1. Before we move on, is Leu112 open to solvent by less than 10 Å² (accessible area, probe 1.4 Å) and touching a Lys or Arg at 6+ places or on another chain (Cβ under 7 Å)?
2. Across segment 131-152, which residue is least open to solvent (accessible area, probe 1.4 Å) among those that are over 29 Å from Leu179 (Cα atoms) and in contact with a strand residue (DSSP E or B) (Cβ under 8 Å, 6 or more places away or on another chain)?
3. Could you list, in sequence order, the residues of segment 70-86 that are surrounded by fewer than 18 Cβ atoms within 10 Å (Cβ to Cβ) and within 14 Å of the chain's Cα centre (by Cα)?
4. Filter segment 15-37 for residues that are more than 16 Å from Leu86 (Cβ to Cβ) and in a loop (DSSP other than H, G, I, E, B); which is least open to solvent (accessible area, probe 1.4 Å)?
5. Name every residue in segment 38-91 that is closer than 16 Å to Ala28 by Cα and small (Gly, Ala, Ser), in order of residue number.
6. Checking Phe42 against (1) open to solvent by 40 Å² or more (accessible area, probe 1.4 Å); (2) aromatic (Phe, Trp, Tyr); (3) outside any loop (DSSP other than H, G, I, E, B): exactly one of these is not met. Which one?
7. Inspect segment 163-172 for any residue being over 22 Å from Thr260 (Cβ atoms) and not acidic (Asp, Glu) and give the result as yes or no.
8. Within segment 153-163, count every residue that is more than 17 Å from Ala99 (Cα to Cα) and surrounded by 21 or more Cβ atoms within 10 Å (Cβ to Cβ).
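The values are calculated or read from the model by the stated rules, or taken from the named source; none is laboratory data. On a predicted model such as this, the values are computed, not experimentally measured, just so you know. Because the Cβ atoms are built from the backbone with ideal geometry, glycine has one as well, and the counts that use them run over all protein chains shown. Side chains included, ligands, DNA and RNA excluded: accessible areas come from the protein's heavy atoms. Shrake-Rupley method; radii C 1.70, N 1.55, O 1.52, S 1.80 Å.
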Amino acid sequence: MKKNNETTGFPVYQCLLPVSRQTVVFCAGLLTRHLRQIKSPFRSRPARKIVTLVLAILRHDQRIFDMAGGNDIGETTLRRWRDELLALLAAQAPRLDRALRKVARRGGEVVLIDGTLVATVRRTGGDNRLNYSGKHRRHGLHFLALTDEKGRLLWISAARPGATHDVTAARRDNVVRHLREAGLGALADLGFVGLDTTPDSDDPVVITGFKATRAAKLNPAQKQANQVLAAARAPVEHGFANLKCWRILTKLRTNPARATHLLRALLVLTNREIRR
């Protein structure tokens, strides 16, 4: 058999993959069970090798063309392996109602909610105009995420155009209703003001800070309340930071229709890496 550099005509290098062995074993087990279920146990590479290649694409944002050429694998084959593993991992991500009930069973009282923009390449066509976020001044996809009080990711929403407002996304996912059914509250930033419009304003489910207007400035007590809320919400940013350690999220080049599977798969991987 020819060596990789003889086959491709280019030099091939190795690099460290900062992912735990437990995560590789978990993913390989998912893939092996899936292959048995579909009665297609044969692949040209072992399950662990396939998993390692896919994780390298996700962690280092390696191009599929480069990874395929360096490992004597067809580009189409590697892309199919990537999509196959992402679908298996995304299926492990919890639904919103189940994630909230799990927090309630553990004795939790509140969760943290926030939205984030994952940058994407700029595409041609009128459909991509909705992906432009005026707030961030770039093209991207909008996601909502819930974390617990320690910043551990609990749930990620479906991908929506970057122009989507946090309140709009939360209403489409019926976040307030699911919170009430689970008996939980949520801490949110000013982007979620107006989300919880219940008649009983003395006991809101979603707690946001005070928002100053041109006509009414914040008093010292309101400013202090905003500072306390901001400190309590800080862990949600840690959750996003852990998720975005996967460098494929630096700028998505994948089809936006597949972004939901990707983010939910990365949620599963992130939680496994944090728990180890």
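1. Taking the combined requirement at face value, the residue satisfies it.
2. Result: His139.
3. Residues satisfying the conditions do not exist here.
4. Ser20
5. Ser40, Ser44, Ala47, Ala56, Ala87, Ala90, Ala91
6. (3)
7. no
8. Counting residues in segment 153-163 that are more than 17 Å from Ala99 (Cα to Cα) and surrounded by 21 or more Cβ atoms within 10 Å (Cβ to Cβ) gives 3.
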